[in-house]
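To start, the structure itself, in structure tokens.
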């Protein structure tokens, strides 16, 4: 009896032919049945060692143990006499008077996405963040509840900020800073690309070098970090919330327009083959992965596509080419 | 396919650590049980391992893969515990406590046969036993080979030999007539389950 086949049978992975082999083997002799019984029993008792519920309850223990760790280091102090403790206190006081108070140890939380996944994050103040591909969001959990709620963003995200007038919410991107009280807005802040910020609800303040502007709903600002050139434009609401709704929204977009949106959405290089034709496409496509989206687009807008390791090549269908000529 | 954050301990944060924990805590605990034969101790060792992992994350670089890294660490810890107190006896006793879902009459006889069946696996040498345990935990031959520093071929050979050894063992075990009956019962029960 091949051991692999037997273990596949135990894990209930075998196909019909393999199952037949095992059954035949079992019928062959008494001792074979004993072996299988012993193995199955051993598997059960191994699995009894831990399950998902144990993992959840043990996690709480581990979490407290982790957080106690720095406290443990301080235990030896308890052994010193009260006098020594007071002396230590005096020393600390003297140190404090000459130096500025030691800052709270930062506890940075970094949430990042890869080229394949997106994330929906809820921050400690219940602000929701939809993090797009290849993006990262960092905040300091130790000071997040202080006078300002600060986060740092690299990449693209949609924020739905919980309203709290006493604690402004601030997003720091490589080139701009956005301050809000309680709104929802979209940010596209990638290195070496124009920064785009668009508002869905409420009012936001955007500052950057040579820029300080307030934006209202359905307004969009594009800021070039190199030339400091800014343009404001109107943008429809469902274009702003597209990221939150997981939908790519196109409005009268030609091929370069579609390519630009795909490039921004997936943070991948899009190459257009041949001369761009006069296509215009309006509609929205749900993001179920780049292949599904390109498949849908190729059907709807008459585009042919090809995905390579780091880029996507778009071209028009040969028949629509002929039509346009 | 491992995300970079898992390979470089210094980059872990609580979220990524939790993902790691969720993925592997159960497996590590079960593997510890395979060594110690004590449910509580197994989970204690596993929990301790994850605690230390977090505390020393700044110094951790995993060059191979994280699953293998964790299992190797678990193995080392269990070995250390085993040196402190021999647990071979408790394995058999512990098995008997597993709850049976059958009727009270069969419960008694099953207890006996279960002990007999358990004895069966204990007759294997430690290497074969560990390979079987790992296989029952769902590891592939390649993963086992990596963990034990042998070739996948050797793992397969050991598994096949283990089955042959078991067949020979049963012959020499001189089971009583009663034991045979029970073995038959369990065998037919097991046969019914997958179909």
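In plain terms, the residue of A:152, A:176 with the fewest other Cβ atoms within 10 Å comes first and the most crowded comes last, giving A:152, A:176. For segment B:4-84, taking Cα atoms only, Rg and Dmax work out to 12.4, 37 Å respectively.
What's the average, rounded to a whole number, of partner chain beta-carbon atoms within 10 Å of each residue's beta-carbon in A:25-33?
On the way: counts 1, 4, 2, 0, 2, 6, 12, 5, 10.
Mean partner-chain Cβ count within 10 Å for A:25-33: 5.
Peptide A:54-64 has a mean shielding of 5, counted as Cβ atoms of other protein chains within 10 Å of each residue's Cβ. For residue A:209, project a label point 7 Å along Cα to C-beta. Then give me every residue of segment A:146-176 with its amide nitrogen under 14 Å of that point. Counting backbone N atoms under 14 Å from the label point, the list is A:174-176.
Could you compute the FRET efficiency for residue A:216 and residue A:128, with r as their C-beta to C-beta distance and R0 at 22 Å, rounded to 0.05? My answer for the efficiency is 0.55. When each of B:78, B:51 is scored by the number of other beta-carbon atoms lying within 10 Å, the sequence from fewest to most is B:51, B:78. With a simple spin-label model that places each label point 7 Å from the Cα along the Cα-to-Cβ direction, the separation between residue A:165 and residue B:82 comes to 6.8 nm.
Quick one: grab the alpha carbon gyration tensor of segment A:108-239, order the square roots of its eigenvalues as a ≥ b ≥ c, and give me rounded if a/c is under 1.5, else prolate or oblate depending on whether a/b is larger than b/c.
Numbers: a/c = 1.44, a/b = 1.21, b/c = 1.19.
It comes out rounded by the Cα gyration axes.
Between residue A:226 and residue B:10, the modelled label-to-label distance comes to 3.3 nm, taking each label 7 Å out from Cα in the direction of the beta carbon.
May I ask you to compute the full-extension gain from residue B:122 to residue B:18, defined as 0.36 nm times their residue separation minus their alpha-carbon distance, rounded to one decimal in nm? Don't jump to the answer; show the numbers that get you there.
Working: separation 104, 0.36 × 104 = 37.44 nm, distance 3.57 nm.
Between residue B:122 and residue B:18, full extension yields 33.9 nm more.
By how many nm would the segment from residue A:304 to residue A:120 grow when fully extended, if each residue of separation counts as 0.36 nm and the alpha-carbon distance is taken off?
On the way: separation 184, 0.36 × 184 = 66.24 nm, distance 3.13 nm.
Here the answer is 63.1 nm.
At a 10 Å Cβ-Cβ cut-off, how would you order A:223, B:157, fewest neighbours first?
Values: A:223 24, B:157 14.
If I rank by nearby Cβ atoms, fewest first, I get B:157, A:223.
Averaged over the residues of peptide B:25-35, the number of Cβ atoms from other protein chains lying within 10 Å of each residue's Cβ is 5. Label separation (residue B:58 vs residue A:177): 3.0 nm, computed from points 7 Å beyond Cα along the C-beta direction.
Quick note: the coordinates plus some simple rules give every number you see, no bench work behind them. A quick note: this is a predicted structure, and the numbers were derived from the prediction, not measured. In this analysis, Cβ positions are derived from the backbone assuming ideal geometry, glycine residues included, and neighbour counts consider all displayed protein chains.
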